[in-house]
Structures are given as C-alpha cells and as structure tokens.
1. With (1) crowded, with 19+ Cβ neighbours inside 10 Å; (2) touching a helix residue (DSSP H, G or I) at 6+ places or on another chain (Cβ under 8 Å); (3) within 14 Å of another protein chain (Cβ to nearest Cβ); (4) outside any loop (DSSP other than H, G, I, E, B) as the list, and A:PHE334 as the residue in question, which single condition is left unmet?
2. I'd like to verify a number: residues in segment A:214-231 that are of a type outside the set (Asp, Glu), closer than 25 Å to A:GLN385 by Cβ and within 16 Å of the chain's Cα centre (by Cα), how many?
3. Among the residues of segment B:511-530, count how many are within 14 Å of the chain's Cα centre (by Cα) and at the interface with another protein chain (Cβ under 7 Å from one of its Cβ atoms).
4. Could you tell me which numbered condition A:ARG420 fails, if it satisfies all but one of (1) crowded, with 18+ Cβ neighbours inside 10 Å; (2) in the same structural domain as A:SER335 (by TED's automatic domain parsing)?
5. Take A:ASP131 and tell me if it is in a loop (DSSP other than H, G, I, E, B) and over 27 Å from the mean Cα position of the chain (by Cα).
6. Could you grab the pairs with beta carbons closer than 8 Å, sequence gap of 6+ or different chains, first residue in segment A:390-415 and on the phi > 0 side of the Ramachandran plot, second one in a loop (DSSP other than H, G, I, E, B) and buried (at least 17 other Cβ atoms within 10 Å of the Cβ)?
7. Any residue at all in segment A:35-58 that is in contact (Cβ under 8 Å) with a residue 40 or more places away in the chain, outside the structural domain of A:ASN102 (by TED's automatic domain parsing) and not in a loop (DSSP other than H, G, I, E, B)?
Number of protein chains: 2
Amino acid sequence: MTAVEHMKWWGWGVEGVGFHHEDKPAFAPFVLNAVGLDLSTATRAEQPVFDELNLAPSAARAEFTAALAGIVGEDHVSTDDMDRVVHTYGKSLRDLVRIRSNLIARAVDVVVYPADEAEVQKVVDAAVAEDAVLIPFGGGSNIAGSLEPHADETRTVVSLDMGRMNRVLDIDVESGLARIGAGALGPHLEEQLAAEGWTIGHFPDSFTHSTIGGWAATRSSGMQSDKYGDIAQIVRGLRVVRPSHDDRDGVLVIPAIPSASTGPSVREMIVGSEGRLGVITEVTAQVHRVAEVREIQAYFFPNWSAGLAAMQAISESDASPIITRVSDSRETGFSMATSKERHGIDALLAERVLPTLMRRKGWNLEDICLSFIGFEGGADHVKRQKKLVGAIVKAHGGMGVGTGPGVLYDQKKFDTPYLRDFLLDMGAAGDVSETAAPWSKLAGLYDGVVTAANRAYDEIGAKGWIMCHLSHSYHSGACLYFTFAFVFGDDPIGEYDVVKSAIQQAFVDNGGTISHHHGVGLEHSPWIEQDISAEGVAVMRGLFQAVDPGANFNPGKVVPVDRVRVDG
Amino acid sequence: MTAVEHMKWWGWGVEGVGFHHEDKPAFAPFVLNAVGLDLSTATRAEQPVFDELNLAPSAARAEFTAALAGIVGEDHVSTDDMDRVVHTYGKSLRDLVRIRSNLIARAVDVVVYPADEAEVQKVVDAAVAEDAVLIPFGGGSNIAGSLEPHADETRTVVSLDMGRMNRVLDIDVESGLARIGAGALGPHLEEQLAAEGWTIGHFPDSFTHSTIGGWAATRSSGMQSDKYGDIAQIVRGLRVVRPSHDDRDGVLVIPAIPSASTGPSVREMIVGSEGRLGVITEVTAQVHRVAEVREIQAYFFPNWSAGLAAMQAISESDASPIITRVSDSRETGFSMATSKERHGIDALLAERVLPTLMRRKGWNLEDICLSFIGFEGGADHVKRQKKLVGAIVKAHGGMGVGTGPGVLYDQKKFDTPYLRDFLLDMGAAGDVSETAAPWSKLAGLYDGVVTAANRAYDEIGAKGWIMCHLSHSYHSGACLYFTFAFVFGDDPIGEYDVVKSAIQQAFVDNGGTISHHHGVGLEHSPWIEQDISAEGVAVMRGLFQAVDPGANFNPGKVVPVDRVRVDG
C-alpha cells in the first residue's frame, strides 16, 4: 500500500498523542468554572470502533477503479474502508462529532495517490470522462467542510491524495524561491528547506498535519505572517491541473513573478479555490534565509483595550515584528491554567512577585491580557525592534516579562487541537472561528461576538465559554481568533450550529469577514453573500461555472452551486 | 459643460507645458550620439490641427443619447468631437502617432460624466439595454491600449468618464483607510489626504494625470511601492457597478478587510480588470500618516551588476527602504545629460571631484550606474536604515553622494512623458516597457532585452537607443523598466511594432512578465498566453464570458475575446 501517513480517523493528530492535564493543576478548576464540566467525575468517552461504522459500499465502477490503477498503479488506488473514511472529513468539530457518532452521509468512493503531475493529468481526465467528482486532499486538517462530498452526490467521488508529491524540488537561492510539491506537509517541507538554510516562515496551527497545497487552496495564514505574509503572498508560482484539451494538456502555469499587471490575477483565483478550479500540483513559494536571531517576548497589558491599542500602534510604527499577538483576559486565564505546575523560583515569580507588581500598578488581575510579540533578524535589528515595541507597550500601560512564556508558547503552539479531542471525550464541544476587520471595528466586533455567543449559550441552555486573541496585524486592521466551548446535550451538532452561526453572523454584523484563514468550504458558505455581496458571489459563481461546466471539481464548496451547466 | 479637465488631445499633459533643453547643454549632444538625431538641424513638427481630423460622426442613436441625458443631465453627456477624440485613445506612443497622423479608426460615440454611483448604475443598465459598449475612462494616461474601441466595433461605444466622482469621501483615522471616488486624480486625492495629514503613498509616473480607479483597473505601481505596496495591496475595498437584476442592483461590494480567506479573491479579479468586469466607482485605500522624515539618497555603483547585486542584498536585509532604484550606465548617462547647467561649486563637484574620485577607485566612467534609495519614518529609523543600506552599498563597491540628486529626481519625476512628445515633434519615437522577474533571471533578462532591441533596430535600419532602471524591489525579484527610442522613417507604427514586439518577446523568453504595472490592454495581449499559459487565459476568458455574456464591458482587452456568448 501507499506510504502516505494520515491522522487518526476519528480525531486530530497521530495515534498515541493526546492532551492530558495531570501535570496542570489549574486546568480542572478552570474547566469547571468555564463550562461547568467537572473533569474529576466526568466519564471519558470510549474511542469509537472502526468496524462499527456504517459505511455504504464504494460506488466506483470496477472499470473506473481499474482505469485509475492503470494510471497510478494498483498500490496507489484504494477503495479500502479506512482509506475512504480518512478522506471523507476534515477535522472540524462537526467532522469529529459525526465520525464519533457514526454519521457518514456520503463517503468518498475511491482514493488515488498520484506520483506526479502527469499522473494527476490522467486522473483528472479519467474522472471528468467518468463524470466523477474530484476532491483534492492534502493533510486532511481542514475545519471548514472543504473535503466532504455533498450528502446527496450521486456520482462517483474521488479523493485525490497529494501525499506522494511531497518534495522540495528546487531552490532558486538567488531569488529565495522554492518549488515544492503540493502534498508536502509542513514539517517535511520545512526540514528539506532547513537543510539548506531556508525557511518558508508559514506556521499555521495545523502546521504538523497540513500541506502547502492545502495552505494555498484555503488561503491559510501562519503565526509569523506579520513578517512572511499570508500564503497568498508566499505563493508566487503555481501549477494546476485542469482537464486536458484535444490539442494540449490542461496544466495551468503561473510563473513565479514578484508582481505583475497582467489582468485579473489568476494566481489569486487559484489561491483560495478549494479544489474548484483544478488540482494544485506544485507551488513556487517565497522562502527566506533562517534568521540569525529569533525571540518571542511576552508582555502583559492591564486590559484588552490597552492590548488592542498597543497592537494598532505597533502596526503604525517603524517597528516590524514577525508576530503580534494579544489574548483577552479569558484566554490569558486559560493560558495560565494550561501551564505546568511551577516550582521554586519560577513559582515564586509567576505566582507571587508578578501579581504583586501588577496589583501595585493598580491592575485588576481579572482583566490582564497576555501578549506575545516576536522578532527576527540580525542581533542589532532585533535589539532595536524590541526597543521600539517596548516603548509602545509602556506607553499603553503594559509591561514586558521576558522570553520565558514565549519559549513555552513556541513549544506548545501546535498542541491546541489535541485539547479539543480531549474535551470532546469528556463531553464538551470546543471549536474556533476567526475574522479580520479594520482597527476601528475591532473593539465593537469583539463585544458583539461575545454577546452573540453568550446569547446562543442561553438559547441552548448551556454554560459556555468564549475567549479570543488578536493573532495577525496588518496596516489597516487585524485578525481576531475566537475559541469557544460548551458542554453539549443530546444534539451536539444542532447546539454547535446555534453557537457557531451566532458567531459567524456577529462577524458580518460588526464589519468583520467570515474567515480570515480557515477558508469557506461548506461551513462558512451560508455567509459568503453577506461577506462579498450578492454580486461578488455572482462573479465567483460565474467563474466556477465557466471553467468547470460539469461541476466535477469539488462542487458546492465556497459558494453553494448545484450541478448546473453554464447554459442551464 | 462638464468641468472635468483633460490632457491635450494630441499629447501628454496640459497645454503650455512641454520639455525644453535650452538650459541642458549636454542634452543635444547626447541625443545625437544616442539615436543620431541632430536637434540643431531637425525640423520641429507642427502641432496637429484639430479641425483637420477625419472623424466619423457619432453612431449613438439620438434616443440613446437622450436617455443618457435623462440620467446624468444634458450638461454631462457629450457627442462633441473634441470630447470624443480625447476619450478615444490613451497616451501610448502608438496613440500619439495615430492622433498626430489623423488615424482614428473608431472613435467613441458618446461621453458620459456621471455624478454618483446611482447614475453609473443607470448608465450601465441603459448601455446594456442598448447593447452598447462601455469603456470606463479615468485620466486617459493608459499606454497599453486599454481605452480605445475595437476598430471594427459596430455597436455604440460609450466612454464613461469618472472625472466628477473625484472626492475623498471619508477617512477612517483609526484604521488608515480612505474611501475615494474612482475618478480622483493623483494630485487631487493626495491634496485632500494631505490636508488631514495622510498620504496614499502611490506615485506612478502618470500620477498627475491618472486616477485611483485607473490605478486599480490596470494594477498600477508607484515609485514608493517598496514601502506602500503596489495598488493591489493599497486597494482594500471596492465598489463596482455591474448590470442590475430584476430583484437587486448590480453593485459589487468588497469590504475593506485587511486579509480574508473567502475563496478566490474577487478583489484581485477586479484589480487589473481594465473595465471588463464592470465600472469601479469607489476604492477604499490604505493610507498612511505622512512620515516625519523623508530622504532620497543617491549612490553610484561601478557597474550594472554591482548595482543589481546591491538591490538584491537590500531586499534580503533587515533594511526596508521606500524606493530602490538603480539605472544602467546608459540611463545614468541620460540622467546626466538632462541635468541643468551646473555652476560654481556644484559644477566643480559633479564634473571634476566626483569623476576624479571614481577614476581613483578604478571605475570606468562609461560603466557607472546611478542609484536612488528612499527612506521614510522617524528620524532614528531613517538614520538606521541609511546605515544598513550604506553598508550594503559599500560592500558592493558603491559610494553615496548625498541627497542632492535625489531632490532633483523628486522634482522631475513626473516630467518624463513630456520629453516623449518633444522627441516625437523632432522625429524620434520613444516609449517604455517594463517587466518583473526573479532576481536570478534579471541579469540575463536585461542582456536579452538589449540584444533583442538592437536586433530590431538593425531590422528597421534605425540607430536606436535602449536604457533601463530597476524600479521596484521585492523579496524574490524586481521590476526592470526599459526606455527605448529611435528616429522613425516612413512607417512609425510599423517600425515601433518591430521594436516593441522584440522587447516584449524578450521578456517572456527570459523569464519575465509582459507587464509589471502598465496593464495589458490591446498592446500586450498578444503575449498574455505566453505569460500565464494557455490554461490561465482559458480561465480568465471563462470569467469574462460568464460575467459579461453580451461583451458590453470593454470587450477584447486583456485577452482577445470576440463577441461571444458563453453558450456559443
């Protein structure tokens, strides 16, 4: 069988790794307070049993599967149930609940693992000839419903797993440009780059289990995008396979040009297209020399508005940090509660000295906000950046606490998804929703979202929790990243929908976008019209229908389009 | 009549302003050497006479013109010949030659000046109902053939002049976002912003005679885009009028979000669309506080490759200048030749001390390259930036010569187009072509373009000139901006085509794009398929056909599309 590794079929990450709180004494009390869940008495759910899943047999015709095997080899086509299940969902809360609840409305029929672009072209052509549906698959980390087939899809559904096309093919060292196979996972591509002294600088929460093709297809952002840019900036060149023609293949090639005025940007159409315009096989990405110095400094602010104002001031200043992040007071409390038990001088400083200092400043410890700001570059540059930022922090009433917490943040940054699985085991639903808005709207947006979430919790009769951090800064605004959780009752998905919908609606009602970096998929598509206007959706729909008249390419994602032909 | 001012119908800029060289003693010898034109004996062409133009009468039906007058008012619709001629061409060399040669194959039929978006909507609907062609018009400075009607267009052609929609409507001072009417000319919008302490930071060569709507529609870049970004980054929000529907208007609204993952970017489809997707009526642009300090420092490098290498090193460094520019030796010679006569200490320094210093360094004065690097920010920041850049310049064998030349550059930066008209008067054709490419390809691209141009000059039997500067730096590459000139013979446009085509083909043959910031229009569309691949063009064409099935919106620009319906 094919050597592509996947996450657990029923949850995040790899088998044998999970969240535990035995070494985090403040965690259980925190959870009890936040959502009313007593971890000491709650029963942990059993791991679901694969053999108990109700899975319809693959609808793929034997001739079609054989044709695919003729293209990629017998070992790289699978109608195996595990393969089909792994490729049917991403890892949204909705996905996790469904897989744990034995709810698979429509599994993919066949999984194909092409070795190269020529094979992708043949698979695409075979799928279109079969009038099948093609859904490209990277790491399977999507949380916007971009991967699942439509529940009522009657055609054969092919999941095109890009996992074998995972190599850094070439680095143009003069230009800082690397050609990378679309199926390269974050750690794998970063290792290959690091071996030559380079980094891509793209570190989304999903980094360990997501691919560069997936990042491009969903408009991902990383933790250091303040410096390195969102994936739309990092992706300079693209190769995308579309159906071939009588006289030529269907490979769309966008060369890696730093900037061009060649009409509407086809590059920016492919980025974010979630498989609807074709299969991304290769990305030429901007890469950077690994910086001489890298530091993440932690700061505290007396309250959220001071933290927001400081981030805004930094964005207007001469400083150029790589990360600007500030948590609201609830998330600050959460961070403290997930810290390991401190001992000796650490405990003394964190639990005695620091709080005393803050009280003396007149701070209310319930309101304090933890901030991380990252710096990279030459030693002089980093020193100067810290000085510029330090002055702004001080002017906004904040204080620096050094690099200690930042080191922890750096180590733990990819672990949060495991926590969600743990909570789900214990009976609580947790998920995330992010937005971006102009600076002038952030405070009102934040309040509106918290109010909407709390109203939704009332509606479903749950004690709920919502917390937030500002995760990326831009000249004209920032991303707010919300995490929410509640103990679910009889109808986890129905209850989740109430909360999630309230938050999404609060985004658009308060001047934010429906998604800053998680994509649209099925999860956010009900709000796309409120986001980019009915006419914006009409233009996007026109594009999809024109270039995919048979609706073979991941139909119905981003904008809800049924199977229509352009002349229909 | 409507109060919108336009450039000269037969050339660049305003009446009464032109290039002269009486105070530039080195200019005439330079021109003689460069293209073999003796300015002391050449006869200056007469200004063309408007009344001698052969202009077909307007094809607009009286009822249609009356309907338009019913929308915008009698004073704001014109079928006047001068209005029609002014709106038929941009200001490319091809345009100037044609207008001077009485070659107007197809003039626009009627010019409309709407006052607001509601009027634009009604004009758009009336035009589509009439099956007319709509061509939006900003400042008329386009040099890519984006404004002219197709020579064989049989339908009524409407030029939609946005000049009355020219106000800065609102500044969100917290977010640094300004809503600006699409018809606002550079100086007019910058004045309105400056009154409140802001700048848009966008200064293309055409600045004085181009509009923000035009910048957006053609993917413009400005001189300071290293800091402020190209227009695609500056444009955050957009309002675009498209045909209305039974149940709603046709206004496409992209809100000013700093970054979003909402599918293929409709914002990036509108940017660069050259009128093909609708009429841009309003832009929400990133604006910045006017910097405390602004300095343009001049440097000399011993040769072109040292200059290029230094710009590349700056782009990789911790420095972040606002402008990086280096001229090749020929353009450096040109700059010296267009300087005014120097006196006293200036003359001594420039003509004696500096050359002596350079010779002592072992430089060949024929090879030296002039560079401008700009800095903005707080005084400390600028000081540090200069230090960082100074060290890089030195490491590449260059030397700084202070701010004197930069002040001159700043003053003269918008004057170059007048020179082209002067040369045309004297019998020489001059024009510009720009590209962008990865750093690794720039040296080869430069050589390839110069070789191709010289081969083209041989082909047409002219003594020709080509010079270049690097005008914008990015992480992974840069823009090279070429200026070329030759004395034309009997067939100026035919000869120009040979040279221009050779240059464009050399761009794509050597890994560059066909246009970095001038757009595509008709001029560059023959190369669009070589630039973004046949499949890229198929996607773009699909978009145009889907959203403009009647081909009413500036048809045939960017990609050559005939009047086809999507079901055709």
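1. Only one criterion in (1) crowded, with 19+ Cβ neighbours inside 10 Å; (2) touching a helix residue (DSSP H, G or I) at 6+ places or on another chain (Cβ under 8 Å); (3) within 14 Å of another protein chain (Cβ to nearest Cβ); (4) outside any loop (DSSP other than H, G, I, E, B) is unmet by A:PHE334, namely (3).
2. Start the filter on segment A:214-231 by keeping residues that are of a type outside the set (Asp, Glu), which leaves A:214-225, A:227-229, A:231.
With closer than 25 Å to A:GLN385 by Cβ added as a condition, the list becomes A:221-225, A:227-229, A:231.
Within this subset, residues satisfying the condition of being within 16 Å of the chain's Cα centre (by Cα) are A:221-225, A:229, A:231.
Qualifying residue count for the region: 7.
3. Pass one, segment B:511-530, residues within 14 Å of the chain's Cα centre (by Cα): B:514-521, B:523-524.
Going one step further and asking which of them are at the interface with another protein chain (Cβ under 7 Å from one of its Cβ atoms), we end up with B:514-520.
So the answer is 7.
4. Only one criterion in (1) crowded, with 18+ Cβ neighbours inside 10 Å; (2) in the same structural domain as A:SER335 (by TED's automatic domain parsing) is unmet by A:ARG420, namely (2).
5. Working: in a loop (DSSP other than H, G, I, E, B): yes; over 27 Å from the mean Cα position of the chain (by Cα): yes.
Here the answer is yes, as A:ASP131 does meet what is asked.
6. A:GLY397/A:PRO302
7. Checking segment A:35-58: at least one residue is in contact (Cβ under 8 Å) with a residue 40 or more places away in the chain, outside the structural domain of A:ASN102 (by TED's automatic domain parsing) and not in a loop (DSSP other than H, G, I, E, B).
Per-residue answers, yes or no, for (1) modelled with pLDDT of 95 or more; (2) in a loop (DSSP other than H, G, I, E, B); (3) assigned by TED's automatic domain parsing to the domain that holds A:PRO243; (4) under 15 Å from A:HIS76 (Cβ atoms):
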| position | (1), (2), (3), (4) |
| --- | --- |
| A:TYR89 | yes, yes, no, no |
| A:ASP95 | yes, no, no, no |
| A:PRO114 | yes, yes, no, yes |
| A:GLU119 | yes, no, no, yes |
| A:ALA126 | yes, no, no, yes |
| A:ILE135 | yes, no, no, no |
| A:GLY139 | yes, yes, no, no |
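The values are calculated or read from the model by the stated rules, or taken from the named source; none is laboratory data. Computed from a predicted model, the values in this text were never measured in an experiment. Because the Cβ atoms are built from the backbone with ideal geometry, glycine has one as well, and the counts that use them run over all protein chains shown.
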